[in-house]
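In what follows, a single structure is set out as structure tokens and then discussed.
Quick note: the coordinates plus some simple rules give every number you see, no bench work behind them. As the structure is a computational prediction, the values presented were derived from the model and not from experiment. Here the Cβ is made from the backbone with ideal geometry for all residues, glycine too, and neighbour counts use every protein chain on show.
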Amino acid sequence: MTLTAGCDVGSLTTKAVIMDDKAVKSSALIKSKSNPEASARQAMAEAMEKAGVTESELSNVIGTGYGREKIPFVTDVKSEISCHARGAKWLLPSIKTIIDIGGQDCKIIRIDDQGEVVRFVTNDKCASGTGRFLEVMAKALYMDISELGDLNRKSNSPVTLTSTCTVWAQADIVKFIHSGIPVEDIGAGINLAMAKRVSTLVNSVQPEKEVCMTGGVAKNRGVTSLMEKLLGFRLKPIRRADPQLVGAIGAALFGRNR
Amino acid sequence: MMKQFMQAATGLNHPGITQWKENGGAIVGYSCSYLPAELIHAAGILPIRLRGIETTGMDMGDAYFGPYICSYPKCILQQAAQGGYQMLDGAVITPGCDSMRRLFECWRKAGEDHQGVVPGFFYYFDVPHKTVDHRMKWFVDEIDSIQKAIETHFEVEITVESLHRSIATYNQGRKLMRDLERFRTQLPAPISGTEAFAISIAGTTLPREEFNATLSNFLETLENRSDKNPENPKRLMVIGSISDDLDLIKLIESNEKALVVADNLCFGVRHDAEEIPVTDNPLEALAQSYLGASTCPRMFGQYKERLAILEKKVESYSVDGVILQNIRFCDLHGSENGLFERDLEKQGIPCLKLEREYGPLADTGRLKMRLDAFMERIS
């Protein structure tokens, strides 16, 4: 049995996945540190401990994410676009378009029947439409990012954020809080701003179905349901794994083919 | 030789400039490839393209232009304000696009507010947006006017003979650039995209005679050069917004499989296609050559011709992928890149659109991720 690992060092979180020939054996997800190598080592150590394997038992370790060039122990590196495509195709074979919202960027990837990337776009040099946007907004609301997703269901009148700029939006949030607007309406407004921004980007690549979401924001039901409404179609949910691990899974899958 | 090209491509005050000034020569900077540099050369003045490299901040650029505009003219103004253009005796601004047109206004206003920012000769050179007959006549008039202005300000005479000599010198440079390009069409190409781009940028800032002589010698060495490029690289073409960022080409080629073999940039080889005929009416000949070929999206209604130029290059340089870059807020290239992407992808030519800031590559990580993913796509 071949064991491979994928290590995705992102701007906010670092993910590691150990896979055998058939399935994901273990995974780890940690907050990224200031040093990409230290992040990668810690995530890998956690994943290996859970799987009960040592580094020497791994035939290949593939690195991806922004810190990929700084991981010394990998066999090869792949861009996160290719990794998300490979991982999503493995988890959902019918998938044609992948929306990946990471910590500092948002990527829309179109793949062909073989899972090869045919087109992709990423957002501009700006934090809006990224995980960082939600993180900053959650902080301004004094809540955990995981609590944001549920606020849509409780809100009757979501606020409108006048700017998609993270800095200005944060100033808007403070103003709303001071005006006494219920926190669920502010939270729902944040999810709506995010969904609008990402949907615009999705439409620019003329998405083909099925469409799925990967990355941490895929776990925010508030954003995904609003995106379904704005895009006019359902997003296929990833059930076999944590959507945040898809890049690392894709990297581990690339390790199999080496 | 390559060191000389690299110095000229990466530094405003390179040895070619300082030596020219030490010899008492005058220098005129110009903003756009639509200005016939032969005219300045014929006056015995060194024409150099205005560039925004080596800026260390953006306080003056932001103060006069505001934030929502192309960073290229802002960097030129910033450079002028921080003293980088002290060597200039003159500057000629052309409406290559609306942002470049504003450079004239902003630079002039900055000159009113701060002493020594505007050079002694400061000229707005208009260029029509169409090539029809009456526009061509207008363009000839513009060339005639700037000739008279240069003659008056610098107290020189630009004769027909001196224009002929300058046209011949520039033609020689164009021929050498075409020879260089032939090397780049070879499989494998014996020169990297970074080196080739450094040479074409150097051509916009080195004294032309020196550039021609150095390039001629370099081409001889290229004949016998053993292949230094990666084996079976993916051959790329870079097109789009004005760019003299050597670091961008370096960044692309930092991917071990990537080799930039062609470009269609105005600091590159976009304008070196044809020689200018030496005729009795050199101004007319310059006008026809500079305005006649519609290579820049600033020219109205000739998209199909520009697409055809790219298609031809893709074929003759055996291009595997096209990188369409544009500086943020560049309306002309931003929109045309979208059309090019649509039409080239339809023909099965992979394209990568990149929007970026001009200036020191702060965006490196993000750009590299996209470039690597593109290379994985076409590999």
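Things worth noting here:
- Proximity of backbone amide H atoms, modeled 1.01 Å from N, is registered between residue B:354 and B:324, B:325, B:326 at under 5 Å, excluding neighbours fewer than 5 places apart on the same chain.
- FRET efficiency, residue A:228 to residue A:179 (Cβ-Cβ, R0 35 Å, nearest 0.05): 0.70
- Extension gain for the segment residue B:178 to residue B:112, taken as residue separation times 0.36 nm less the Cα-Cα distance, is 19.4 nm to one decimal.
- Placing a label point 7 Å from the Cα of residue A:200 along the Cα-to-Cβ direction, none of the residues of segment A:107-122 has a backbone N under 11 Å of that point.
- A simple spin-label model places the labels of residue B:232 and residue A:112 1.8 nm from each other, with each point 7 Å out along Cα-to-Cβ.
- Computed 3J(HN,Hα) for segment A:129-142, one whole-Hz value per residue from the Karplus formula 6.51 cos²θ - 1.76 cosθ + 1.60 where θ = phi - 60°, is x, 10, x, 4, 4, 5, 5, 5, 5, 4, 5, 5, 8, 6, glycine and proline marked x.
- Computed on the Cα atoms alone, the convex hull of segment A:219-258 gives a volume of 82 cubic angstrom per residue.
- Length released on extending from residue B:168 to residue B:315, taking residue separation times 0.36 nm less the Cα-Cα span: 49.9 nm
- Segment B:14-160: equivalent-ellipsoid semi-axes (sqrt of 5 x gyration tensor eigenvalues, Cα, Å): 25, 21, 12
- Using the Karplus relation 6.51 cos²θ - 1.76 cosθ + 1.60 with θ = phi - 60°, the per-residue 3J(HN,Hα) values for segment A:23-35 come to 8, 6, 8, 7, 8, 9, 9, 10, 6, 5, 9, 6, 10 Hz, with x marking Gly and Pro.
- Springs join every pair of Cα atoms under 10 Å in this Gaussian network model of chain B, and among B:45, B:349, B:76 the largest mean-square fluctuation is at B:349.
- In this structure, the amide hydrogen of residue B:203, modeled 1.01 Å from its nitrogen in the peptide plane, lies closer than 5 angstrom to no residue at least 5 positions away or on a different chain.
- Centre separation in Å (Cα based) which lies between segment A:133-178 and segment A:55-90: 34 Å
- Computed over segment B:114-205, the quotient of the alpha carbon radius of gyration and 2.2 N^0.38 Å is 1.51.
- In chain B, helices alone account for a calculated mean residue ellipticity at 222 nm of -16500 deg cm²/dmol, with every DSSP H run of four or more residues adding -39,500 (n - 2.57).
- Coupling constants for segment B:40-55 follow from the phi torsions by the Karplus curve (6.51 cos²θ - 1.76 cosθ + 1.60, θ = phi - 60°), and in residue order they are 6, 4, 5, 8, x, 9, 7, x, 10, 6, 6, 9, x, 5, 6, 6 Hz; glycine and proline get x.
- Here's how it looks for residue B:118: its modeled amide H is under 5 Å from none belonging to a residue 5 or more places away or on a different chain.
- Using every pair of distinct Cα positions in chain A, the Kirkwood expression returns a hydrodynamic radius of 18.5 angstrom.
- Shielding by other protein chains, A:110-121, mean Cβ within 10 Å: 2
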